[in-house]
Structures are given as C-alpha cells and as structure tokens.
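These notes concern the structure reproduced below.
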There are 2 protein chains.
Amino acid sequence: MQKAVVLVSGGIDSTVLLFSLPRQDYALHALAFRYGQRHQRELECAQRQCDTAGVQNVKCVSMPFLGELLQEGSTLMETGGPVPDLDDIPQALRDQPPTYVPHRNMLFLSIAAAYAESIGAARVFYGAQAQDEYGYWDCTPVFLERINALLSLNRRRAVTVEAPLLRNSKADNVKLGLALGVDFSMTWSCYRGEMLACGRCPTCVERLNAFKQAGLPDPLPYQ
Amino acid sequence: MQKAVVLVSGGIDSTVLLFSLPRQDYALHALAFRYGQRHQRELECAQRQCDTAGVQNVKCVSMPFLGELLQEGSTLMETGGPVPDLDDIPQALRDQPPTYVPHRNMLFLSIAAAYAESIGAARVFYGAQAQDEYGYWDCTPVFLERINALLSLNRRRAVTVEAPLLRNSKADNVKLGLALGVDFSMTWSCYRGEMLACGRCPTCVERLNAFKQAGLPDPLPYQ
C-alpha cells in the first residue's frame, strides 16, 4: 500500500476528501495547520474526522511566525481585522477578498510536499473545489497545474499534488459526503469561531447554500 | 523607494546578493530561516551582514516543525545523519545529495512571497547561483521560471522571485563581493558548524575552490 499525504482543515471539503480516498490503496498521513487562524475549532474537527476515518498518522504544523509576518494579514487570522459578512464585501474585492490569506495554499503544499518526499509518499491530496475559485487563485486548476510543473523538477522523488474534488461545487461535496457517511456535525466552517456558527460570514453563507442546494439540512446549529 | 524582500543565510552567495542590490532603489526587508539546521553560526553572520549593510528590517522565521516532519531529513539538519565529506558522496547521488533539504527553497520562497505580498513588496531576491545547480533542483533557472509562473496567478499583488546571481559561479560571487567590500570573515558556509570550518564538507570544498579560482585568500580559519 502506498503512502499519501492529505491536508485536513476540519471543513466540509477536506473532510469529504478524506473519506473519499480509497483506503485500500493509500496509507494516509494527515497534515493540519495552525497558521494563526482565529480559532482551533476547525482543528478539533480535523482530528476527530481523522480518528473516525482511522487515520493514525496526524500531524499539526504550528506556524506562529505567520501572524507576525503577515502584518496586514487576513481577516481569517488573529492578527487581522474583523471577519466581514459576505454581504459587506464589495464585488470589486471578491476575486481576492479580505478572507484571503497570502500564499496560504502554496505554503501548505510546500510543507506537505517536503513531508511527502521525506516519508516516500508520491501524492499530496488537498480539498480544493470549484466554488472557491472565485476568490482564491490558489484553488484553481491552473494553480494545480503550475505547482505540479514546479514539483516535477525534483530529481529523485517528485511529489504530485492532486485535488480530486477540484471540479465539484460545495453542494456536490455535501452530497458525496452524505453518500460516504460523513458526520457533518463534526465539521466546522465559520471563520468567526464563536460558540455557534454565525451564518453570515462568507464560508457560512456558502455552507448553508451548499446544504440547501443538496436538499439536506445542515446539522450545525447557527446563531 | 520600493520595498523588496531578500533572503539571507550568512553564506557567501546571499551576502554578496545583499550588498549587490542597489540601495537607492530598494527598502530591503531581510528574512532568515531557522529550519532545524545543525548550527546558528550562519544566522549570526546573516544578522551581522544585515547590520553592516544598514538593513534594519530583519526577521528570522523559526520552523521547529520541519525537523519533525522530515524524519529522513537531510544531513544539514539536526535530525539527520552526519554530514559527509564531499569525497564520500557517490557520483550517482550528487544530483540530489544527502545535503539536500526537501523542498527547502520552495518553502522559503513561499513564506517570503507571502511576507512580500503582505508588506506591499513586488520582489523577493534570493542568492541562487549557477554552481548549486548540480545538486539542487531548487537553484536552477527552470525552478525560478516555474515558481514565477505559479506566483503570477496572484490576482492583486503578484510577487516576482529574482535571482540576479543565477548565472554566476561561486568564484564570480567572491570577486563581486570583494569589489563591493564584503567582509567574508563574517560569512559562514561549513555545514558542520563546529568552532572552525571543517574544510572537507561539500560547501567548504566549494568555498575553498571559489576563493582559489578568484585568486584570493579565504579569511576564515579552517581546522
């Protein structure tokens, strides 16, 4: 069985990805990241989902330096300004909104690729999906293509990044997750990370719409 | 004056790079990395060179997680095996030798690009030179080209990586550094990081050859 690395964030997409990977083919090594985000709730969900999926190798990479480096930061980070409601983000900013974290996925995937190379895994899976493309250049098919062009230069053990859900909408992922038996009550999306999900930040709105489109109730309680 | 980020390691190449950048054009922000290397001596040199160059913005990024992730590691890291003498590295391994750190430059440059984007700098400079190409895929012209192809996807503030010394040999850098008044006694190359440079590890051999080719004495004492 070949080793593979999978990025987990505790959200819908990476959780569905985790459960969709054929377990008979891969010995999975999960990586989560503490990059200065406002709350740890999503990381608790990531750990729980890995436990449920029977993934024993789970590492959480702590990057306290990122909050200091990204002074202007991102509203997703403790060092950034408040998270805006989706409705309050002007259209002109939505191609790279205030919730964008500079180079986050490139950084995560660089670390994941280094880890993969070190343990002898040929693949890194991450949960990019089609809907995030609107605002995040690091969730697009061309990003995937170019990061793989870069990684392919490795002379010994080239690692490939794969995003099997890249053409899915979030609603597609909800439906797929349901078919796979994913417990969505143990996923977290809200950027604000309060006791209850806010229902108004960009990712809450997207999550609620995805469940609506999939014709399913979201098991999370909202404010 | 525009901001720019420059990677510094305390070695010959990045020090010459630091002094070669036109100070009338750039407000420099230097980044060094504590990535689990065997010793801090090179970082002390990096700091001293920044002081001499009048660069006030110097940050050192600590990545203690890397040693844990890279279990097989690299002989450059505390977690890796002993540093080999150059003569003991078989030819067949020299295109990616035991001193290679998986994805190190991609990781450093991802962080540097994130930092640059955050502070509004359009350029990241790093000290890759032609001689390292033999063993390190992340010091090649095609690496530079492809990482820039990736970074260019940024929709707001694309950052460009530049390696002005990419076509230089290490001897060229020694000569250039001499012309720029670089104090090479305050640079460090030896991978072993003992009290005196060993003179036998790959980077010591390259350094000694570079000074020899440049017709200059290396001011560092050796064992």
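A few comments on the model shown:
The rows are residues; the columns are (1) crowded, with 20+ Cβ neighbours inside 10 Å; (2) aliphatic (A, V, I, L, M); (3) more than 24 Å from B:R48 (Cα to Cα); (4) without any contact (Cβ under 8 Å) to a residue 40 or more places away in the chain.
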{"site": "B:A158", "(1), (2), (3), (4)": "no, yes, yes, yes"}
{"site": "B:A163", "(1), (2), (3), (4)": "yes, yes, no, yes"}
{"site": "B:G181", "(1), (2), (3), (4)": "no, no, no, no"}
{"site": "B:A210", "(1), (2), (3), (4)": "yes, yes, no, no"}
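- Number of positions in the range A:107-140 that are over 17 Å from A:A32 (Cβ atoms) and at pLDDT 95 or above: 2
- All conditions in (1) facing another protein chain (nearest Cβ under 9 Å); (2) within 17 Å of the chain's Cα centre (by Cα); (3) aromatic (F, W, Y) hold for B:Y115, with the sole exception of (2).
- Within the range A:212-223, the set of residues being crowded, with 17+ Cβ neighbours inside 10 Å and either touching a strand residue (DSSP E or B) at 6+ places or on another chain (Cβ under 9 Å) or part of a loop (DSSP other than H, G, I, E, B) (or both) comprises A:D218, A:L220.
- Per-region count, the range B:15-31, residues of a type in the set (S, T, Y), over 15 Å from B:V161 (Cβ atoms) and not in a helix (DSSP H, G or I): 0
- Single match in A:E133, A:E145, A:E117 (criterion: crowded, with 22+ Cβ neighbours inside 10 Å and out of contact with any strand residue (DSSP E or B) (no Cβ under 6 Å at 6 or more places or on another chain)): A:E117
- Remark: B:S74 matches the filter, which requires a residue to be among the small types (G, A, S) and under 25 Å from B:A197 (Cα atoms).
- Number of positions in the range B:99-111 that are more than 9 Å from every other protein chain (Cβ to nearest Cβ) and either over 13 Å from the mean Cα position of the chain (by Cα) or among the β-branched types (V, I, T) (or both): 1
- Among the residues of the range B:82-116, the one identified as basic (K, R) and either assigned to a loop (DSSP other than H, G, I, E, B) or farther than 22 Å from B:G127 by Cβ (or both) is B:R94.
- Checked against (1) out of contact with any Phe, Trp or Tyr (no Cβ under 6 Å at 6 or more places or on another chain); (2) at negative phi, A:G54 passes all but condition (2).
- The range B:120-172, subset in a helix (DSSP H, G or I) and polar (S, T, N, Q), residue nearest to the other protein chains (Cβ to nearest Cβ): B:N148
- Extreme residue, nearest to B:Y134 (Cα to Cα), among residues of the range B:173-211 that are assigned to a helix (DSSP H, G or I) and of a type in the set (K, R): B:R207
- B:T79 being within 14 Å of chain A (Cβ to nearest Cβ), in contact (Cβ under 8 Å) with a residue 60 or more places away in the chain and assigned to a loop (DSSP other than H, G, I, E, B): no
- Answer residue from the range B:191-203, given it is in contact with a strand residue (DSSP E or B) (Cβ under 9 Å, 6 or more places away or on another chain) and over 12 Å from B:P84 (Cβ atoms) and is surrounded by the fewest Cβ atoms within 10 Å (Cβ to Cβ) among those: B:L196
The values are calculated or read from the model by the stated rules, or taken from the named source; none is laboratory data. Keep in mind it's a predicted model, so treat the numbers as computed, not measured. Here the Cβ is made from the backbone with ideal geometry for all residues, glycine too, and neighbour counts use every protein chain on show.
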